[in-house]
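Participant: Could you have a look at this structure, given as structure tokens, before my questions?
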Amino acid sequence: MKTQAQNVKSSSKWELWLRSYGLKSRCEMPEHMCPNKYIIHGYRPSSSSWTYCLKSLFYPTNETLKSLNVWSHAISLFVMANHYWNFACLYPDYLTNPIFYPYWVFVVGVITVFTVSCFSHLFNCKSPAMYDTCFCYDYASFSLHGMGMISSFGFYLCSYSCVGFSADTSSWISVITSLASPVGVVCLCLTRYPTIQHKHILRVLTCAVFVLVPNLAFVYKYFIQNADVSIHCRVGNDATSLVYSVVSVIVLIFAGFFQGSHYPESCHPGKFDIVGHSHQLFHLSVAFTIYFQTLLIEGSLTEWVDLLQTWHAAQDLLTVHT
């Protein structure tokens, strides 16, 4: 009895501390703004001011300070932006050389994903309508990242001829990819409707299409293509590229697991409200996945640049001798 009374007293202190920041429990919130039934405390009011949203960045909510939904991607945004800048500084012609264009499409997608994610989780408590709007933009940014990743993987790691397509049909693949992106956004946005069943499965499967497809193309090329295929299909065929590809897929699988299972809070409701719940782990998994994808793309891009420099040097030497 004494232990139970102590737990109730401790729980009361915990709730009072959260309420001192204006936070609410799940039972006080609109149902559609609490999609995870295992998160009990730490919700911001459903109609908050812009000022409160910004202040909540430093509050112990289940979105911001001790939660990692905002800070995980905010920190990732600055880390990756610094990484991309340092990589670009290695090449004086990084803005004018067309070989870098697919890379910059990928970079824009990554920056957009992290930026929109931060804004979505920070301002989704502005109003119930804003809640759904924020996450629809979040889904759109993820699809943009998927398009950039597919184009970069297809150009640097494995041209479309590597997986059985000729150069004449590569434009059709680009068209199909461009059409698939808005379809994916629509599918993800539909999961905001309460009548849609199996929302998490639909979200995981839709996101997996954009992220796993380019990795599967790389695995196909790495294990199936012959060693004597054309030189552009051998770019990225080293052990380091394989490690980056495999690790990014494994981490992505963990991301899907956390997003779809609500683990670990499903086993201990209320224990992971502020720190350690599944969406935080999903965010960290996505950040690490993007990091390894970046290393994979940059490694192959570097090989492409070296090959082109060697080819141009050979052409110059041939011109001199003739």
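Participant: Counting other beta carbons within 10 Å of each residue's own, what order do Tyr156, Tyr59 fall into, fewest first?
Facilitator: Going from sparsest to densest Cβ surroundings: Tyr59, Tyr156.
Participant: Each label point is 7 Å from the Cα along the Cα-to-Cβ direction; what then is the distance between the points at Leu54 and Ala88, in nm?
Facilitator: Here the modelled spin labels are 2.7 nm apart.
Participant: Another question about this same structure. For region 129-143, just list the computed ³J(HN,Hα) in residue order, Karplus coefficients 6.51, -1.76 and 1.60, θ = phi - 60°, integers in Hz, with x standing in for Gly and Pro.
Facilitator: Result, ordered by residue: 5, 5, 4, 6, 4, 4, 6, 5, 5, 4, 5, 4, 5, 5, 5 Hz.
Participant: Among Thr240, Thr191, rank each residue by its count of other Cβ atoms within 10 Å, from fewest to most, as a rough exposure measure. Numbers along the way, then the final one.
Facilitator: On the way: Thr240 11, Thr191 20.
Listing Thr240, Thr191 from fewest to most nearby Cβ atoms yields Thr240, Thr191.
Participant: At 7 Å along Cα-to-Cβ for each site, give me the label-to-label distance between Val183 and Cys267 in nm.
Facilitator: Placing both labels 7 Å along Cα→Cβ, they lie 3.8 nm apart.
Participant: Going by C-beta contacts inside 10 Å, put Arg26, Arg44, Arg19 in order with the fewest on the left.
Facilitator: With the fewest neighbours first, Arg26, Arg44, Arg19 line up as Arg19, Arg26, Arg44.
Participant: If each residue of separation counts as 0.36 nm, what is the full-extension length gain between Ser127 and Asn97 once their alpha-carbon separation is subtracted? Each step should come with its number before you reach the end.
Facilitator: On the way: separation 30, 0.36 × 30 = 10.80 nm, distance 4.53 nm.
Roughly 6.3 nm would be gained on extension.
Every read-out reported here was derived from the displayed coordinates using simple, explicitly stated rules and does not represent laboratory data. Here the structure is a predicted model, which means the values were calculated and not measured. As a convention, Cβ positions derive from the backbone with ideal geometry for all residues, glycine included, and neighbour counts pool all protein chains shown.
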